[in-house]
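J.: What follows is a single structure, and I will ask about it in a moment.
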Amino acid sequence: MAVGTAMVALVIGVAVLGPMLAPHTPTQFVQRPYALPSAKALLGTDGLGRDVLSRVLNGGFSVLWMSLAATAIGAALGTTIGLVAGYSRSIIDDVLMWLTDVVLAFPQVVLVLLFVSMLGPQLWLIVLVVSISHAPRVARMVRGVTIEIVNQPFIEAAETIGVPTRDILLRELLPNLVTPLMVEIGLRMTWSIGIVAGISFLGFGIQPPASDWGLMISENRDGLILQPFGVLAPLAMIAVFTIGTNLLAEAISRSASNIGDVSPNT
Amino acid sequence: MEREQNWSPVQGGAWLLRRALLGVATLLMISVVVFLGTQALPGDPAIAILGRDAAPDRVELLRQQLGLNVPVIQQYFNWLSGILHGDFGRSLASRRAVSGLLATRGLNSLLLVGLSAAICIPVSLALGGWSAMRRDKPADLSVWVLTTVLTALPEFIVGMVLVILFATTVTRLLPAVSMIPEGESPFYYASAFILPALTLVLATLPYLTRLFRGSMIEVLQADYVEMARLKGVMERRVVLRHAVPNALIPTVQGSALVLTYMAGGIVVVEYLFRFPGLGSALTDAIANRDLPVIQAIAVIQAALYVVVNLLADYLTIRLTPRLRTSHG
């Protein structure tokens with residue numbers, strides 16, 4: 001837990017405070033291309049002679065806000081679908097689950113690329129599609145837990161005394177979902193970072209000359225033999241971020257042993 | 001699965017038929033999503049492809065080429081009936097039939113995914129089983145640490161680390177770029193497969209390892225395993241004859257998930273290694289706004305998920321006598 005928190009805090013710190021600490025602007029020419037680390041550029045320069053350190057310090061914010069937003073929207077959407085499906089105990093459940101299956105059929109990156117292909121690389125669109133691709137995964141978990149709870153006496157009691165459905169969903173069911181949801185959000189966040197950074201890596205996310213960790217890896221990989229830090233530094237940041245969020249999810253799931261094993265791939 | 005106890009018992013055949021029909025409905029819905037996401041957007045796809053300041057006669061030509069001059073509903077049915085006949089249209093970039101491109105690129109990707117799965121599945125089973133037998137001992141914990149770290153890492157990070165270690169900075173043992181000249185048999189270019197396959201294996205290994213570990217631990221505590229032990233059956237035999245076959249059943253669905261996950265993973269992995277497969281064909285097509293190719297690959301990717309999962313469901317039923325006879 002402590003390790004995970006420290007890792008996530010480090011990355012958030014770099015992403016938020018980095019732009020203020022950067023010695024150069026991210027697009028400024030500092031030294032000859034692919035220069036090795038020196039006093040002028042502590043992590044060397046990239047293929048256009050820009051300071052790698054400054055670009056790393058500036059390149060985290062896009063990954064951070066996009067993955068946070070996609071996770072939050074996806075979790076909210078998925079929780080709503082899962083609660084309604086699990087509580088309805090009717091054809092609504094079957095239809096909703098079938099619809100989630102349609103979305104699940106697309107690999108998450110492919111779904112994003114599909115919509116980006118014609119509408120262009122717009123960041124809000126990427127956030128929206130990533131969140132839609134998360135929703136079925138969250139929904140299935142929420143539905144599963146809801147179905148377990150819904151047959152318990154306290155729900156029946158609430159129904160008998162005429163508590164409105166909305167209140168049953170929000171006040172009786174949702175509080176029981178907090179712990180599994182926190183685990184799920186941790187896992188979804190790990191995946192969001194991977195997808196958002198991956199889309200930038202593919203060149204369909206944030207566009208040059210802006211600085212972004214995924215984009216940096218893709219831009220600097222041709223110079224790996226000359227100057228490895230242009231790839232290593234953003235790569236380390238993404239790795240620390242995803243391992244951190246995953247450790248957090250793992251820690252929450254272990255502290256609440258009744259949830260059982262969580263599968264990270266689904 | 002939770003609600004299925006409430007259903008009246010159905011025969012495996014009827015259940016399978018129901019699943020197959022649902023699968024067809026899912027496939028249809030997939031085609032609608034792909035069509036809506038690409039062709040039926042607000043605005044003119046022809047202008048989206050050529051750019052805002054394209055000459056009107058070129059736009060008109062492309063509209064005819066793509067069949068955009070009929071109502072949207074009819075465009076959809078024309079496109080769908082083409083797919084059902086194996087005709088995915090013509091690539092806007094190369095002017096070749098999309099189906100031809102899919103065949104050559106698809107073979108490379110199929111080999112890549114097949115090779116990766118053929119490594120991933122046995123290795124994860126061995127690792128998961130080994131870890132389960134040593135539960136909470138140092139070996140188990142080291143597997144836990146390894147899988148926790150690997151699970152968290154996106155494929156392109158894993159792939160870049162491999163490139164740094166084996167193809168550029170640290171050593172140069174393997175090619176960083178997977179060259180398979182077009183028209184030549186991929187079998188002559190084995191070294192092109194090593195790093196991409198290793199990336200896919202490392203990305204999926206943690207999930208299946210943990211799945212099998214959990215499944216083995218559960219089975220090893222089951223009554224029938226205890227019974228066998230009490231009867232004096234040797235531990236080795238208990239594990240191999242009684243525990244493993246039952247613990248393997250959930251890994252059928254797990255392997256299906258690994259396969260579909262790899263099918264998505266090839267997009268990033270093939271781009272990274274410039275491997276000439278379906279995944280890199282998709283990223284190339286998006287860069288060129290090659291609409292028919294994008295549509296075809298998205299449909300194939302999603303259809304694969306439906307088919308693989310249907311097969312896995314079928315296999316799971318065949319392997320579980322309890323499900324085969326009563327409800328399921």
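J.: Is it the case, given these coordinates, that B:P175 is over 21 Å from A:T190 (Cβ atoms), within 23 Å of the chain's Cα centre (by Cα) and modelled with pLDDT under 90?
T.: no
J.: Here's a follow-up. Filter the stretch A:62-95 down to residues that are hydrophobic (A, V, I, L, M, F, W, C) and surrounded by fewer than 20 Cβ atoms within 10 Å (Cβ to Cβ), then give me how many there are.
T.: Within the stretch A:62-95, the subset hydrophobic (A, V, I, L, M, F, W, C) is A:63-66, A:68-70, A:72-73, A:75-77, A:81, A:83-85, A:91-92, A:95.
Add one more test, that the residue is surrounded by fewer than 20 Cβ atoms within 10 Å (Cβ to Cβ), and what stays is A:64-65, A:68-69, A:72-73, A:76-77, A:84, A:91-92, A:95.
Of the residues in the stretch A:62-95, 12 are hydrophobic (A, V, I, L, M, F, W, C) and surrounded by fewer than 20 Cβ atoms within 10 Å (Cβ to Cβ).
J.: Next question. Restricting attention to the stretch B:253-265, does a residue exist that is touching a residue at least 60 places away in the same chain (Cβ under 8 Å), closer than 19 Å to A:G203 by Cα, buried (at least 24 other Cβ atoms within 10 Å of the Cβ) and out of contact with any Cys (no Cβ under 7 Å at 6 or more places or on another chain)? If you could, list the steps in order and put the result at the bottom.
T.: Start the filter on the stretch B:253-265 by keeping residues that are touching a residue at least 60 places away in the same chain (Cβ under 8 Å), which leaves B:253, B:255, B:258-259, B:262-263, B:265.
From what is left, the residues that are closer than 19 Å to A:G203 by Cα are B:265.
Next, from what is left, pick out any that are buried (at least 24 other Cβ atoms within 10 Å of the Cβ): B:265.
Keeping just the survivors that are out of contact with any Cys (no Cβ under 7 Å at 6 or more places or on another chain) gives B:265.
Yes, the conditions are met somewhere in the stretch B:253-265.
J.: So A:A135 passes all but one of these: (1) more than 19 Å from A:L77 (Cβ to Cβ); (2) touching a Leu at 6+ places or on another chain (Cβ under 6 Å); (3) of a type in the set (A, V, I, L, M). Which condition number does it fail?
T.: (1)
J.: Here is a follow-up. Which of (1) of a type outside the set (D, E); (2) surrounded by fewer than 18 Cβ atoms within 10 Å (Cβ to Cβ); (3) in contact (Cβ under 8 Å) with a residue 40 or more places away in the chain is the odd one out, the single condition A:V8 does not satisfy?
T.: (2)
J.: Still on this structure, please answer the following. Looking only at the stretch A:26-46, how many residues end up being under 29 Å from A:I243 (Cα atoms) and within 30 Å of the chain's Cα centre (by Cα)?
T.: Selection size over the stretch A:26-46: 6.
Residues checked against (1) basic (K, R); (2) over 20 Å from B:L208 (Cβ atoms); (3) surrounded by fewer than 17 Cβ atoms within 10 Å (Cβ to Cβ):
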residue	(1), (2), (3)
B:W144	no, no, no
B:L153	no, no, no
B:F156	no, yes, no
B:V163	no, yes, no
B:R172	yes, yes, yes
B:A176	no, yes, no
B:M179	no, yes, yes
B:E184	no, yes, yes
B:A190	no, yes, yes
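J.: Does any residue in the stretch A:139-160 that is facing chain B (nearest Cβ under 10 Å) come within less than 6 Å, Cβ to Cβ, of a residue that is exposed (fewer than 15 other Cβ atoms within 10 Å of the Cβ) and at pLDDT below 90 six or more places away or on a different chain, and which pairs are these?
T.: A:I147/B:E2
J.: Looking at (1) assigned to a loop (DSSP other than H, G, I, E, B); (2) modelled with pLDDT of 90 or more, which is the only condition B:R289 fails?
T.: B:R289 satisfies all of (1) assigned to a loop (DSSP other than H, G, I, E, B); (2) modelled with pLDDT of 90 or more except (2).
J.: Could you tell me whether B:R90 is modelled with pLDDT under 90 and surrounded by fewer than 14 Cβ atoms within 10 Å (Cβ to Cβ)?
T.: Values: modelled with pLDDT under 90: yes; surrounded by fewer than 14 Cβ atoms within 10 Å (Cβ to Cβ): no.
Spelling it out, it is not the case that B:R90 is modelled with pLDDT under 90 and surrounded by fewer than 14 Cβ atoms within 10 Å (Cβ to Cβ).
J.: Based on this model, can you work out whether A:P209 counts as surrounded by fewer than 23 Cβ atoms within 10 Å (Cβ to Cβ) and either of a type outside the set (D, E) or under 25 Å from A:V14 (Cα atoms) (or both)? Write out each step before concluding.
T.: Working: surrounded by fewer than 23 Cβ atoms within 10 Å (Cβ to Cβ): yes; either of a type outside the set (D, E) or under 25 Å from A:V14 (Cα atoms) (or both): yes.
Against the criterion (surrounded by fewer than 23 Cβ atoms within 10 Å (Cβ to Cβ) and either of a type outside the set (D, E) or under 25 Å from A:V14 (Cα atoms) (or both)), A:P209 qualifies.
J.: Let me ask you something else. Among A:N220, A:N246, which is buried (at least 24 other Cβ atoms within 10 Å of the Cβ), within 9 Å of chain B (Cβ to nearest Cβ) and modelled with pLDDT of 90 or more?
T.: Details: A:N220 fails: within 9 Å of chain B (Cβ to nearest Cβ).
Only one candidate passes the filter, namely A:N246.
J.: Among (1) part of a helix (DSSP H, G or I); (2) of a type in the set (A, V, I, L, M, F, W, C); (3) surrounded by fewer than 24 Cβ atoms within 10 Å (Cβ to Cβ), where does A:F201 come up short?
T.: Here A:F201 meets the rest and fails (3).
J.: Specify the residue that is nearest to the other protein chains (Cβ to nearest Cβ); the eligible residues are those in the stretch B:230-279 that are part of a loop (DSSP other than H, G, I, E, B) and under 18 Å from B:S109 (Cβ atoms). Give the steps one after another, and end with the answer.
T.: Filtering the stretch B:230-279 down to residues part of a loop (DSSP other than H, G, I, E, B) leaves B:231-234, B:274-277.
After this cut, where a residue has to be under 18 Å from B:S109 (Cβ atoms) as well, the list is B:274-277.
Numbers: B:R274: 11, B:F275: 14, B:P276: 16, B:G277: 14 Å.
Among them, the one singled out is B:R274.
J.: Being basic (K, R) and without any contact (Cβ under 8 Å) to a residue 40 or more places away in the chain is the filter; apply it to the stretch A:34-61 and report the residue that is surrounded by the fewest Cβ atoms within 10 Å (Cβ to Cβ). Give the steps one after another, and end with the answer.
T.: In the first step, residues of the stretch A:34-61 are kept if they are basic (K, R); the result is A:40, A:50, A:55.
Remaining after also requiring without any contact (Cβ under 8 Å) to a residue 40 or more places away in the chain: A:40, A:50.
Values: A:K40: 13, A:R50: 24.
Per the stated criteria, the residue is A:K40.
J.: In addition: Any idea which residue in the stretch B:58-81 is surrounded by the fewest Cβ atoms within 10 Å (Cβ to Cβ), counting only those that are of a type outside the set (S, T, N, Q) and touching a Gly at 6+ places or on another chain (Cβ under 9 Å)? Step through it out loud before you land on a result.
T.: Pass one, the stretch B:58-81, residues of a type outside the set (S, T, N, Q): B:58-63, B:66-68, B:70-73, B:76-77, B:79-80.
The next check asks that each one be touching a Gly at 6+ places or on another chain (Cβ under 9 Å); those that pass are B:66-67, B:79.
Values: B:L66: 19, B:G67: 14, B:W79: 23.
This residue is B:G67.
J.: Take B:M216 and tell me if it is surrounded by fewer than 24 Cβ atoms within 10 Å (Cβ to Cβ) and at pLDDT 85 or above.
T.: no
J.: Just checking, how many residues over the stretch B:29-57 are away from chain A (no Cβ under 13 Å), modelled with pLDDT under 85 and either surrounded by 11 or more Cβ atoms within 10 Å (Cβ to Cβ) or part of a helix (DSSP H, G or I) (or both)?
T.: First, the residues of the stretch B:29-57 that are away from chain A (no Cβ under 13 Å): B:53-57.
Those left that are additionally modelled with pLDDT under 85: B:53-54.
After this cut, where a residue has to be either surrounded by 11 or more Cβ atoms within 10 Å (Cβ to Cβ) or part of a helix (DSSP H, G or I) (or both) as well, the list is B:54.
Number of matching residues: 1.
J.: Pick out the one residue from A:L226, A:L232 that is modelled with pLDDT of 90 or more and within 11 Å of chain B (Cβ to nearest Cβ). I'd like the intermediate steps shown before the answer.
T.: Values: A:L226 fails: modelled with pLDDT of 90 or more.
Answer to the check: A:L232.
The values are calculated or read from the model by the stated rules, or taken from the named source; none is laboratory data. Source: prediction; values computed, not measured. Glycine gets a Cβ as well: all are built from the backbone with ideal geometry, and neighbour counts include every protein chain shown.
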